[in-house]
1. Please determine whether any residue of the range 93-107 is within 20 Å of Y142 (Cβ to Cβ) and in contact with a helix residue (DSSP H, G or I) (Cβ under 9 Å, 6 or more places away or on another chain).
2. Here's a check for you: in the range 102-129, which residue that is in contact with a Cys (Cβ under 7 Å, 6 or more places away or on another chain) and buried (at least 19 other Cβ atoms within 10 Å of the Cβ) is farthest from Q59 (Cα to Cα)?
3. If you check N32 against the conditions, is it within 13 Å of the chain's Cα centre (by Cα) and either surrounded by fewer than 18 Cβ atoms within 10 Å (Cβ to Cβ) or on the phi < 0 side of the Ramachandran plot (or both)?
4. Among the candidates A18, A3, single out the residue that is surrounded by fewer than 18 Cβ atoms within 10 Å (Cβ to Cβ), at pLDDT below 95 and within 15 Å of the chain's Cα centre (by Cα).
5. Under 8 Å between Cβ atoms, which residue pairs at least 6 apart in sequence (or on different chains) link something in the range 132-146 that is touching a residue at least 40 places away in the same chain (Cβ under 8 Å) and β-branched (V, I, T) with a partner that is assigned to a loop (DSSP other than H, G, I, E, B) and surrounded by fewer than 17 Cβ atoms within 10 Å (Cβ to Cβ)?
6. Give the number of residues within the range 62-97 that are within 21 Å of V20 (Cα to Cα) and either within 16 Å of the ligand (Cβ to nearest atom) or surrounded by fewer than 20 Cβ atoms within 10 Å (Cβ to Cβ) (or both).
7. Can you pull out every residue in the range 103-131 that is within 22 Å of E22 (Cα to Cα) and either modelled with pLDDT under 95 or not polar (S, T, N, Q) (or both)?
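The values are calculated or read from the model by the stated rules, or taken from the named source; none is laboratory data. No experiment lies behind these values; they were computed from the predicted model shown. All Cβ positions, even for glycine, are placed from backbone atoms using ideal geometry, and neighbour counts span all protein chains on display.
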Amino acid sequence: MKALLMLGLLLLSVTVQAKVFEHCEFARILKNNGMAGYAGISLASWVCLAQHESGYNTQATTYHPGSNSSHYGIFQINSQYGCDDGKTPRAVNACGIPCSALLQDDITQAIQCVKKVVKDRQSNRGWVSWHVHCNNRDLTQYIRNCGV
Ligand SMILES: *[C@@H]1O[C@H](CO)[C@@H](O)[C@H](O)[C@H]1NC(C)=O
């Protein structure tokens, strides 16, 4: 019982540090920021992408040893192209921001940056999990009953 309580407190302390969006809340914010259909990508597609890239966790960070780069935030933007983490070789920093800016609870900057990336790239083909989990699938479940 005591151990369970400790585990509960531990989990709570972990979760308060990272903002993890509920999918409908996330969908509404995306819609309010003009993401529905942005660069030809549907709202449901964006939600699917974020679900499988970060689990809607703003603090998600993944290191990719092959390129010595990392992916940051709810959209898992790559430090090789989108942002500057001060340690990625041949980084472009197309969004002109530190990668830490992509980990904030307020996802305004992350949205601005992901828009820049897909506009520059003319697609969302760069996201592997989008291919695996979202492309050519029925994505209605991602925004069902969200009122968007
Ligand atoms: C990644 O870092 C290692 C160690 O510094 C280096 O040997 C390797 O060449 C780097 N790879 C790339 C793709 O920059």
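1. Within the range 93-107, one or more residues are within 20 Å of Y142 (Cβ to Cβ) and in contact with a helix residue (DSSP H, G or I) (Cβ under 9 Å, 6 or more places away or on another chain).
2. Ranking the candidates gives C113 first.
3. no
4. That would be A18, the only listed residue that is surrounded by fewer than 18 Cβ atoms within 10 Å (Cβ to Cβ), at pLDDT below 95 and within 15 Å of the chain's Cα centre (by Cα).
5. Filtered contacts from the range 132-146: no entries.
6. Going through the range 62-97 one residue at a time, the tally reaches 5.
7. Those that are within 22 Å of E22 (Cα to Cα) and either modelled with pLDDT under 95 or not polar (S, T, N, Q) (or both): L103, D105, D106, I107, A110, I111, C113, V114, K115, W127, S129, W130.
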